[in-house]
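Only one structure is covered here, and it is reproduced in the block below.
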Amino acid sequence: MADSLFQFEQDFADTLHCVPMGVRLKLDTCGIKLSLAQWNQLDRAERQQLMALPCDNAATVATYRDYLAGLIDQHQSGPVKTLAVDSQPPWAQTDEIPPAVQQRAEELGSPLTADQWQALTPLQRFALIKLSRPSHENHNFLPALQEFGLCGSSDE
């Protein structure tokens, strides 16, 4: 669910000092790049609103984009930076596990099956894709796999 945090994100639940995966998905969906500095200029209520607002059809995407652009302007945190919106993003694709995700899962001894990938929600697939990027600190990749029921816990 995009209006709540994953368990692996709970370390910043009190302050919301990092951009949650649910909001990151919405940013990619509406085509706005929001820096961590811009995120941290927002007050907690605004951050929670960005978590809660829907962004899943043309009308709500436009509303979300306008609301976010207004916040960026209101906080004078620089120009609104736009991104190209992928009409077929990899997290919406259930027929193939992205190679970077599979490689990272294999490195951790938990290769994914097609059935497992298909059973994930788009937000879960999005999180694994983002967490598997080479440029990302992927210390949360294993906790995400565990949370999504894709491997055993680290206690096993």
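Taking Cα atoms of the chain, Rg/Rh with Kirkwood Rh, to two decimals?
0.98
Counting only residues 5 or more places away or on other chains, whose amide H sits under 5 Å from the amide H of residue 32 once H atoms are built in the peptide plane?
Under 5 Å from the amide H of residue 32 lie the amide H atoms of 83, each far enough along the sequence or on another chain.
Need the list of aspartates and glutamates near residue 130 for cross-linking: C-alpha distance under 13 angstrom, and skip anything on the same chain fewer than eight residues off.
28
Let me spell out the model: positive unit charges on the Cβ of Lys and Arg, negative unit charges on the Cβ of Asp and Glu, origin at the Cα centre of the chain. What dipole size does that give, in debye rounded to 20?
Working: 11 positive and 20 negative charges, 112 e Å.
That gives a dipole near 540 debye.
Given a Förster radius of 35 Å and the C-beta distance between residue 73 and residue 96 as r, what FRET efficiency does 1/(1 + (r/R0)^6) yield to the nearest 0.05?
Step by step, r from the Cβ atoms, then E = 0.35.
If R0 is 25 Å, what FRET efficiency do you get for residue 53 and residue 113 from their C-beta distance, rounded to 0.05?
Values: r = 34 Å, r/R0 = 1.36.
My answer for the efficiency is 0.15.
Which of 135, 4 has the fewest other C-beta atoms within 10 Å, and how do the rest follow up to the most?
Details: 135 5, 4 11.
The fewest-first ordering by Cβ neighbours comes to 135, 4.
Where a number appears in this text, it was derived from the coordinates with a stated rule and is not lab data. Note that the structure is a prediction, hence the values are computed from the model and not measured. Every residue, glycine among them, receives a Cβ derived from its backbone with ideal geometry; neighbour counts consider all protein chains shown.
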